[in-house]
Amino acid sequence: ERRTRISGKLKKLQDLVPNMDKQTSYADMLDLAVQHIKTLQNQVQKLHTELDSCTCGCKKTRDS
């Protein structure tokens, strides 16, 4: 049962992370997932920085 649950979660992870091949080992899957999450975190940080320096008034809408 435990292995079935793990396999199901890894399948969901494969569906979420781009460029993850079905032949990818578990260790490589986790490494790719970590890399993808770090990339997303960097993109979010960049967008926050851009928004903080924006002068178009969009921050007022976001902060409300």
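The values are calculated or read from the model by the stated rules, or taken from the named source; none is laboratory data. Everything quoted here is computed from the prediction, not taken from an experiment. Note: ideal-geometry Cβ built from the backbone for every residue, glycine included; neighbour counts use all protein chains shown.
Mind checking whether some residue in the stretch 25-36 is surrounded by 10 or more Cβ atoms within 10 Å (Cβ to Cβ), modelled with pLDDT under 90 and in contact with a helix residue (DSSP H, G or I) (Cβ under 7 Å, 6 or more places away or on another chain)? Yes, the stretch 25-36 contains at least one residue that is surrounded by 10 or more Cβ atoms within 10 Å (Cβ to Cβ), modelled with pLDDT under 90 and in contact with a helix residue (DSSP H, G or I) (Cβ under 7 Å, 6 or more places away or on another chain). When Asn42, Asn19 are checked against the criterion of being at positive phi and of a type in the set (S, T, N, Q), a single residue qualifies: Asn19.
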